[in-house]
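Student: Let me give you the structure first, and then I'll get to my questions.
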Amino acid sequence: MSKAIRDELKQEVAKRRTFAIISHPDAGKTTLTEKLLLYGGAIHIAGSVKARKAARHATSDWMEIEKQRGISVTSSVMQFQYAGKNVNILDTPGHQDFSEDTYRTLTAADSAVMLIDVAKGVEAQTIKLFQVCRKRGIPIFTFINKLDREGQNPFELLEEIERVLGIRSVPMNWPIGMGRELCGVYDRMKKQVELFQGNDHSTIEVRPAADYNDPAIREMAGDYLADQLAQDLELLDVAGDPFDYEKVRAGELTPVFFGSAVNNFGVQTFLENFLQLAPAPTSRRTTDGEVEPDDEKFSGYIFKIQANMNPAHRDRIAFLRICSGKFERGMSVKHVRAGKDIKLSQPQQFLAQDRDIVDTAYPGDIIGLFDPGIFRIGDSLAQGANLTFDELPTFSPEIFAKVSVKNALKQKQYLKGLDQLTEEGMVQVFRSIGPFEDTYLGVVGQLQFDVFEYRMKNEYGVDIQLARTQFQFARWIVADKLDASKFRINSTLVKDKNDNNVALFENEYAMRTAVERMPDVKFLETAP
Ligand code: G4P
């Protein structure tokens, strides 16, 4: 490889920060995203992301579900530049009924920002998303939001993070007061204070401080809060975890920042520290060994396919995470699964829902490819290689429904829709073995059913019937010999779309009994 290209790649890779914000609904993800975009100059008016959220509802039709439920079903990618870094934020839907889509999007991130409401602490959805990030071993940064409201004691919050999530934490800054008394934060690393000024706290003043005992803090915060701060930080210095960069990189220690997104308080410090500490794109595993981001040959994989973003054209967009090499518009790459060369001619880059044509892009970037139906989730595209990325986990569905078509005359469209939507990764499909060919759908979140039903009707003109079943667990079965009669009570045997045997169980007891009774059979959570 020419030195010039390698240098260019190294430089561009070093600039990239690609991350996702994980949180429970209402923790303030939209607000924080918007503030970050404002710093990057990617948007100029506060409220634009929210407005886009609303505008999207007005323009896109299958997103009607979003409108009805006031949630964002699909995730998008936002890019901006700040302090010499190219930042990509992957937007993961934050509603309760999230889907496999959410999980898959996390595979495209190199780090995650965990947003926590100071009053509510670690909530259900945060836990689930955290676990996916944990599995990948990516660094996780924590932003504790809504400090302008009365919340839990910061020590209790840290304790909760460690207890519930099992990750050690290191506070990078510390609140001076909270709620109505909030007057600032003390930055432990930079040794400076950020103080709210003015009656309405509208200005923020940053002052260097010798340490947390600096008289300037006492002068501005008063004796009570200054004493409290000194006491807290002494305790942290003695009993808290020290900052350890290696542990942060390994996802074993989370740097914690306190702030208030809506007041823009602590956001800039957070952004600057985050950009410094978060990793640039690193190597990724493939069937062909590790691929380094500065490898000359382009490669990437599709982690998400979104249908019908523009209802005027019934197109699909495949989201590709670039893992190595330089992307150039019009380049030819190998579509590894299809075994064909394809030309990438209409690539798009995203800012919220705007799409721009992109000419070049680098590892860490996400581009959208026009998909005339040739891509599947997990597909790898590579220049001159047959590698496949080993990134996309499939998830064990937890909710199951029997699906059937209401009007038998629509059988053909129904099968087509079922085929295409399962290919997209919308739902997982299972077929019963035996005289009655029942079809089951399995999902991670109820919302996937709703979207599936909606899209079957709107895109394929098919009314379907979904009957929820009692099943709660799916286990892929690997066995030399299988005795179907053993799967009768509170369970059933089905085939997945690749003809693998899968057992569905109604409860944990049934599953455990089956596992105990069949020691020679392997029960896997996902497809082998
Ligand atoms: P989400 O995307 O995570 O669901 O949360 P979003 O940003 O929409 O924020 C949820 C609510 O929390 C919003 O209030 C938002 O203004 C508020 N919020 C965000 N950050 C802070 C903060 O630092 N302090 C306080 N006090 N509130 C915060 P809302 O009433 O639901 O909407 P809006 O009418 O204010 O837009």
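Student: In this structure, does A474 turn out to be out of contact with any Phe, Trp or Tyr (no Cβ under 9 Å at 6 or more places or on another chain), aliphatic (A, V, I, L, M) and assigned to a strand (DSSP E or B)?
Tutor: Against the criterion (out of contact with any Phe, Trp or Tyr (no Cβ under 9 Å at 6 or more places or on another chain), aliphatic (A, V, I, L, M) and assigned to a strand (DSSP E or B)), A474 does not qualify.
Student: Let me spell it out: the conditions are (1) in contact with a helix residue (DSSP H, G or I) (Cβ under 6 Å, 6 or more places away or on another chain); (2) at pLDDT below 90, and E150 meets all of them except one. Which number is the exception?
Tutor: For E150, the failing item is (2).
Student: How many of the residues making up region 107-126 are more than 16 Å from the ligand (Cβ to nearest atom) and assigned to a helix (DSSP H, G or I)?
Tutor: 1
Student: Still on this structure: For region 127-145, which positions are exposed (fewer than 15 other Cβ atoms within 10 Å of the Cβ) and either within 12 Å of the ligand (Cβ to nearest atom) or not in a helix (DSSP H, G or I) (or both)?
Tutor: Across region 127-145, the qualifying residue is only G137.
Residue-by-condition table, conditions (1) closer than 30 Å to L129 by Cβ; (2) at pLDDT below 90; (3) of a type outside the set (K, R); (4) out of contact with any Phe, Trp or Tyr (no Cβ under 9 Å at 6 or more places or on another chain):
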| site | (1), (2), (3), (4) |
| --- | --- |
| L165 | yes, no, yes, no |
| W174 | yes, no, yes, no |
| Y186 | yes, no, yes, no |
| K191 | no, yes, no, no |
| L195 | no, yes, yes, yes |
| R207 | no, yes, no, yes |
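Student: Still on this structure, I have one more. Could you pull out every one of the strands (runs of 3 or more DSSP E) wholly within region 205-311 that has 1 or more residues that are under 27 Å from D341 (Cβ atoms) and touching a residue at least 12 places away in the same chain (Cβ under 8 Å)?
Tutor: Answer list for region 205-311: 284-286, 289-291, 299-307.
Student: (1) at pLDDT below 50; (2) within 14 Å of the ligand (Cβ to nearest atom); (3) among the polar types (S, T, N, Q): which one isn't true of T33, the others all being true?
Tutor: (1)
Student: Any idea which residue in region 453-468 is surrounded by the most Cβ atoms within 10 Å (Cβ to Cβ), counting only those that are modelled with pLDDT of 90 or more and touching a Leu at 6+ places or on another chain (Cβ under 8 Å)?
Tutor: Top of the filtered list is M456.
Student: Of all residues in region 3-26, which are within 14 Å of the ligand (Cβ to nearest atom) and farther than 22 Å from T107 by Cα?
Tutor: Of everything in region 3-26, just one residue is within 14 Å of the ligand (Cβ to nearest atom) and farther than 22 Å from T107 by Cα, namely D26.
Student: Scan region 146-202 residue by residue and report those that are part of a loop (DSSP other than H, G, I, E, B), surrounded by fewer than 16 Cβ atoms within 10 Å (Cβ to Cβ) and away from the ligand (no atom under 16 Å from the Cβ).
Tutor: Those that are part of a loop (DSSP other than H, G, I, E, B), surrounded by fewer than 16 Cβ atoms within 10 Å (Cβ to Cβ) and away from the ligand (no atom under 16 Å from the Cβ): N153, G166, M189, K191, G198, N199.
Student: Just to check your reading of the model, which residue among A261, A250, A318 is small (G, A, S) and outside the structural domain of N88 (by TED's automatic domain parsing)?
Tutor: A318
Student: Output the residues belonging to region 360-376 that are assigned to a loop (DSSP other than H, G, I, E, B) and within 17 Å of F327 (Cα to Cα).
Tutor: Answer for region 360-376, where residues must be assigned to a loop (DSSP other than H, G, I, E, B) and within 17 Å of F327 (Cα to Cα): Y362, P363, G364, D365.
Student: Scanning for something closer than 22 Å to L36 by Cα, within 16 Å of the ligand (Cβ to nearest atom) and loosely packed, with under 13 Cβ neighbours inside 10 Å, does region 241-261 turn up at least one residue?
Tutor: No: region 241-261 contains no residue that is closer than 22 Å to L36 by Cα, within 16 Å of the ligand (Cβ to nearest atom) and loosely packed, with under 13 Cβ neighbours inside 10 Å.
Student: Restrict the check to region 507-516 and report whether at least one residue is modelled with pLDDT under 90 and more than 16 Å from S396 (Cβ to Cβ).
Tutor: So far as region 507-516 goes, no, none of its residues is modelled with pLDDT under 90 and more than 16 Å from S396 (Cβ to Cβ).
Student: Among the residues of region 262-291, count how many are surrounded by 18 or more Cβ atoms within 10 Å (Cβ to Cβ) and more than 16 Å from the ligand (Cβ to nearest atom).
Tutor: Total meeting the criteria: 9.
Student: Tell me which of these V462 doesn't satisfy, since it passes every other one: (1) under 23 Å from T102 (Cβ atoms); (2) in a loop (DSSP other than H, G, I, E, B).
Tutor: Status for V462: all satisfied but (1).
The values are calculated or read from the model by the stated rules, or taken from the named source; none is laboratory data. Because the structure is a prediction, the values reported are computed rather than measured. Glycine also receives a Cβ, built like all others from the backbone with ideal geometry; neighbour counts cover every protein chain displayed.
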